[in-house]
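Working notes, structure below.
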Amino acid sequence: MAKLTKLEDIVSLCKRRGFIFQSSEIYGGLASCYDYGPLGVELKNNVKKAWWKSVVQMRDDVVGLDCSILMHPMVWKSSGHADKFADLIAECKKCNTRTRVDHLKEEAAEQADEHTEHVDIDTVAAQAQDLSKKLCPNCGVVGQFTEPMPFKLMFETQMGANVDDSMTMHLRPETAQGIFANFRNVLDTTRVRIPFGIAQIGKSFRNEVTTKAFIFRTREFEQAELEFFCEPGTDEHWFEHWKEARFNWYLDLGLKKENLHFREHDSDELAHYAKGCVDVEYRFPFGSGDWQELEGIANRTDFDLRQHQRGIRTLNKWYESKGYITRIELADEAAEYLKGPLSYFDDQKKQRYIPYVIEPSAGIDRSALAFLVDAYDEEQVRGETRNLLRFHHALAPVKAAIFPLVKKDGMPEIATNIYNDLKKYFNCFYDQKGAVGRRYRRQDEAGTPFCITVDGQSLEDNTVTLRERDSMEQTRVSTGQLLSHLREKLDI
C-alpha cells in the first residue's frame, strides 16, 4: 500500500469526482476562490456537523450563535481591525510579485512557512528591515524590492441606496467579534453561567496578499470558532482543556496521529491581546517542512470584551454630544469591572469581573482538505490500481451506494426500494450503469463506506451483498436487517 502525497493528486481527484471546482471556471476562474461540488458540499457539511456535535451538542456549557456578516463599523473600530489589521508587503521589481515582509527569507534560508498569522500593523512595521539580501519566492531575484507598504486585509463594501446616504462597511475577517458583540444578549436570554462558551460557524473574508495550496488559504473561507468565557485565574486550566479536546477531535475523525502535532507560539509572534497560543498543525503535502496550521487555540484574556466596552462608551459620548439619550448606561473607565455591560456578576461569589476567553478557531476548509489528504490512498488489486478515500464514516459524503447487478429480472425494482428506504436515514446513491466492479471503484474514490448489490440470490432469499470499502470484504445481509446493520456500522 502506498499513499500519494502530492497536492496535485488531491486537486485532480477533487475535480474528477466533483468535490471542489475553481470558482467561475467557465470564465477562466477567480484566483483563490473555490466552489464545493456535489460530493464536496456533503463532506464540508459533515465536517461542520461533526464540529458542532462535539463542541455544542454534546456539551452542557456551550450554546450556538449565527451572526450577521455585516456589522456596525464600531465593531471593527473597537476590535482594532479597522486601524491595524494589515500586512506589511514588498513588491519584487522584477516580477511584480507582492510578498509579506515577514515571509521573505534570505538567499540561503529555507522558504517562508505559513506559521505567522496576521498581526497589527504597528507590530508588522517594527519587523521591516533591510531587504537587500531577501529572496523573491517567485522569481528568485535577490534584493530587488520596493519599500515595504501596508496592505489592508478587510474587504470594504457600501450599505445604502445611493452615494449620499451610504455607509462604508466591512466584510468580517473573523466570526469571533460577532460573538463578543452578543455576549450580553446571550447572558440575558439564556441560563448560562460562567464558565460557558458561545460557538458559531460562518463565512469570513480576508484580502490576502498571497494565497496558496488549493483551499488551504483563500480570500473567502469558513470558520468554526468557540469563545469560551471563564473566570480570570482559571484560564490556564481551560486553555489546556480545549487544547486536548480539539486535538482529540481530529484523531477521533480519523486523522493519523503522526500527521498531527502542537506548535506553541513564541512570545515574539503572539498577537498583542494573547496570553498564550498554540496551533494544531497537520502535515500537508506542500510548503516548507509540510507542517501547516490547521487550528489555533488562544488565550485572548479579557481584551475583546474590554475593547467593546470602551467602544460602547465612546459611541455613547458621541450620542450625548449630539443630545441623544444613550441606550446603555456606562460607568467611568475605572469602574468598568463593576458596572460595565460586558462584565459578569457571579451571584455565588458575589463578585463582578470581565471574563477571560479561550478561543479554539478552526478552518472548515482547511479541515476538509486535511481529511481529504489523510483519507487518500491507492493500492494494487489484482494488477490494477485502486484509488480510494478512507473517510471516517461520519465524514463520508455518501454512506451507502445501491446497485442492481443487471438492469432486468426485477433487480432494479428491488434496488430502488432499498435506496428509497435507506435515504430517509442517511445520504445514499443509486447506480445501475456499467460493470459492478467499475461501480465499486467509483464509490471507493468517492469514499463511500458500503456498497449494496442486488443480485440473483436476492430474488431467491431476500438477501443482498454488502461490500465494505476499506477491506473489500463482502457479506450477505437480509433486506429486513439491512437498515439496522448499516446504522450499527455507521454509528448513526
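From the list 391, 429, which residue is buried (at least 16 other Cβ atoms within 10 Å of the Cβ), touching a Gly at 6+ places or on another chain (Cβ under 8 Å) and among the aromatic types (Phe, Trp, Tyr)? First the steps, then the outcome.
On the way: 429 fails: touching a Gly at 6+ places or on another chain (Cβ under 8 Å).
Result of the check over 391, 429: 391.
Taking the criterion of being out of contact with any His (no Cβ under 6 Å at 6 or more places or on another chain), over 30 Å from residue 36 (Cβ atoms) and either polar (S, T, N, Q) or in contact (Cβ under 8 Å) with a residue 12 or more places away in the chain (or both), would at least one residue in the stretch 215-229 satisfy it? Don't jump to the end; show me each part of the working.
Of all residues in the stretch 215-229, those out of contact with any His (no Cβ under 6 Å at 6 or more places or on another chain) come to 215-229.
This time we only want the ones that are over 30 Å from residue 36 (Cβ atoms), so: 229.
Then keep just the ones that are either polar (S, T, N, Q) or in contact (Cβ under 8 Å) with a residue 12 or more places away in the chain (or both); that gives 229.
Looking through the stretch 215-229, at least one residue is out of contact with any His (no Cβ under 6 Å at 6 or more places or on another chain), over 30 Å from residue 36 (Cβ atoms) and either polar (S, T, N, Q) or in contact (Cβ under 8 Å) with a residue 12 or more places away in the chain (or both).
Suppose we filter the stretch 95-149 for residues that are surrounded by 14 or more Cβ atoms within 10 Å (Cβ to Cβ), within 23 Å of residue 286 (Cα to Cα), at pLDDT below 65 and not β-branched (Val, Ile, Thr); how many remain?
6
Only residues that are in contact with a Leu (Cβ under 8 Å, 6 or more places away or on another chain) and under 17 Å from residue 195 (Cα atoms): list them for the stretch 213-254, please.
Here is the first cut: in the stretch 213-254, the ones in contact with a Leu (Cβ under 8 Å, 6 or more places away or on another chain) are 213-216, 242, 247, 250-251, 253-254.
Across the stretch 213-254, the qualifying residue is only 242.
Looking at (1) outside any strand (DSSP E or B); (2) touching an Asp or Glu at 6+ places or on another chain (Cβ under 9 Å), can you tell me which one residue 401 breaks?
In the conditions (1) outside any strand (DSSP E or B); (2) touching an Asp or Glu at 6+ places or on another chain (Cβ under 9 Å), residue 401 misses (1) alone.
Restricting the stretch 381-398 to residues that are in a strand (DSSP E or B) and in contact with a Leu (Cβ under 8 Å, 6 or more places away or on another chain), which is farthest from residue 451 (Cα to Cα)? So that I can check it myself, show each step before the final result.
Of the residues in the stretch 381-398, the ones in a strand (DSSP E or B) are 381, 384-389.
With in contact with a Leu (Cβ under 8 Å, 6 or more places away or on another chain) added as a condition, the list becomes 387, 389.
Values: 387: 16, 389: 14 Å.
Filtering first and then ranking leaves 387.
One residue is enough: does the stretch 424-441 have a residue meeting the conditions under 22 Å from residue 379 (Cβ atoms) and either polar (S, T, N, Q) or assigned by TED's automatic domain parsing to the domain that holds residue 254 (or both)?
no
From 232, 285, which residue is in contact (Cβ under 8 Å) with a residue 12 or more places away in the chain, in the same structural domain as residue 363 (by TED's automatic domain parsing), farther than 16 Å from residue 359 by Cβ and not β-branched (Val, Ile, Thr)? Break it down stepwise before answering.
Details: 232 fails: farther than 16 Å from residue 359 by Cβ.
Result of the check over 232, 285: 285.
What are the residues in the stretch 387-406 that are farther than 20 Å from residue 484 by Cβ, of a type in the set (A, V, I, L, M) and either touching a residue at least 40 places away in the same chain (Cβ under 8 Å) or not assigned by TED's automatic domain parsing to the domain that holds residue 464 (or both), if any? Can you show your working first?
At the first step, the residues of the stretch 387-406 found to be farther than 20 Å from residue 484 by Cβ are 387-392, 395, 397, 403-406.
After this cut, where a residue has to be of a type in the set (A, V, I, L, M) as well, the list is 388-389, 395, 405-406.
Answer for the stretch 387-406, where residues must be farther than 20 Å from residue 484 by Cβ, of a type in the set (A, V, I, L, M) and either touching a residue at least 40 places away in the same chain (Cβ under 8 Å) or not assigned by TED's automatic domain parsing to the domain that holds residue 464 (or both): 388, 389, 395, 405.
Take the conditions at pLDDT 95 or above and at negative phi and apply them to residue 11. Does it pass? Can you show your working first?
On the way: at pLDDT 95 or above: no; at negative phi: yes.
No.
How many residues are loosely packed, with under 15 Cβ neighbours inside 10 Å, of a type outside the set (D, E, K, R) and without any contact (Cβ under 8 Å) to a residue 24 or more places away in the chain when one looks only at the stretch 245-273?
4
Taking the options 12, 78, 54, name whichever one is closer than 30 Å to residue 382 by Cα and polar (S, T, N, Q). Spell out how you get there, then give the answer.
Numbers: 78 fails: closer than 30 Å to residue 382 by Cα; 54 fails: closer than 30 Å to residue 382 by Cα.
Just one listed residue meets the conditions, 12.
If I go through the stretch 20-33 residue by residue, how many of them are at pLDDT 95 or above and closer than 20 Å to residue 294 by Cα?
So the count comes out to 1.
Looking at the stretch 39-54, can you tell me whether even one residue there is more than 18 Å from residue 395 (Cα to Cα) and part of a helix (DSSP H, G or I)? Show your work before the answer.
Taking the stretch 39-54 first, the residues more than 18 Å from residue 395 (Cα to Cα) are none.
Scanning the stretch 39-54, I find no residue that is more than 18 Å from residue 395 (Cα to Cα) and part of a helix (DSSP H, G or I), so the answer is no.
State which residue pairs qualify: first residue at pLDDT 95 or above and inside the stretch 407-422, second residue among the acidic types (Asp, Glu) and not in a helix (DSSP H, G or I) in any location, beta carbons under 9 Å apart, and separation of 6 or more residues or different chains.
411/455
Applying the selection to the stretch 345-377, what residues are surrounded by 20 or more Cβ atoms within 10 Å (Cβ to Cβ) and either without any contact (Cβ under 8 Å) to a residue 40 or more places away in the chain or over 23 Å from the mean Cα position of the chain (by Cα) (or both)?
Correct list: 354, 355, 356.
Please count how many residues of the stretch 431-475 are more than 23 Å from residue 410 (Cα to Cα) and either within 30 Å of the chain's Cα centre (by Cα) or hydroxyl-bearing (Ser, Thr, Tyr) (or both).
The initial filter retains those residues of the stretch 431-475 that are more than 23 Å from residue 410 (Cα to Cα), namely 441-449, 468-473.
Narrowing the set further to residues that are either within 30 Å of the chain's Cα centre (by Cα) or hydroxyl-bearing (Ser, Thr, Tyr) (or both) leaves 441-449, 468-471.
Matching residues across the stretch 431-475 total 13.
Check 218, 234 and return the single one that is of a type in the set (S, T, N, Q) and surrounded by 21 or more Cβ atoms within 10 Å (Cβ to Cβ). Even if it seems obvious, please write down each step before you answer.
Numbers: 234 fails: surrounded by 21 or more Cβ atoms within 10 Å (Cβ to Cβ).
After ruling out the rest, the residue left standing is 218.
For the stretch 211-238, which positions are outside any strand (DSSP E or B) and either touching a helix residue (DSSP H, G or I) at 6+ places or on another chain (Cβ under 8 Å) or within 16 Å of residue 55 (Cβ to Cβ) (or both)? Lay out the reasoning, then the answer.
In the first step, residues of the stretch 211-238 are kept if they are outside any strand (DSSP E or B); the result is 211, 213-216, 218-219, 231-238.
Once the filter is applied, which keeps residues that are outside any strand (DSSP E or B) and either touching a helix residue (DSSP H, G or I) at 6+ places or on another chain (Cβ under 8 Å) or within 16 Å of residue 55 (Cβ to Cβ) (or both), the stretch 211-238 yields 213, 214, 215, 216, 218, 238.
Could you list all residues from the stretch 357-380 that are in a strand (DSSP E or B) and under 19 Å from residue 244 (Cα atoms)?
Step one: of the stretch 357-380, the residues in a strand (DSSP E or B) are 357-363, 376-380.
Correct list: 357, 358, 359, 360, 361, 362, 363.
Output the residues belonging to the stretch 167-186 that are under 24 Å from residue 208 (Cα atoms) and of a type in the set (A, V, I, L, M, F, W, C). Steps first, please.
Of all residues in the stretch 167-186, those under 24 Å from residue 208 (Cα atoms) come to 167-179.
Within the stretch 167-186, 167, 169, 171, 176, 179 meet the criteria.
Does any residue of the stretch 237-244 turn out to be at pLDDT 95 or above, surrounded by 16 or more Cβ atoms within 10 Å (Cβ to Cβ) and closer than 22 Å to residue 392 by Cβ?
yes
Would you mention how many residues in the stretch 142-163 are closer than 21 Å to residue 106 by Cα and assigned to a loop (DSSP other than H, G, I, E, B)?
5
Among the residues of the stretch 164-203, which ones are in a strand (DSSP E or B) and hydrophobic (A, V, I, L, M, F, W, C)?
Here is the first cut: in the stretch 164-203, the residues in a strand (DSSP E or B) are 167-171, 196-203.
The answer is 167, 169, 171, 196, 198, 199, 201.
The values are calculated or read from the model by the stated rules, or taken from the named source; none is laboratory data. On a predicted model such as this, the values are computed, not experimentally measured, just so you know. Methodologically, a virtual Cβ is constructed for each residue, glycine included, from the backbone with ideal geometry; neighbour enumeration extends over all protein chains shown.
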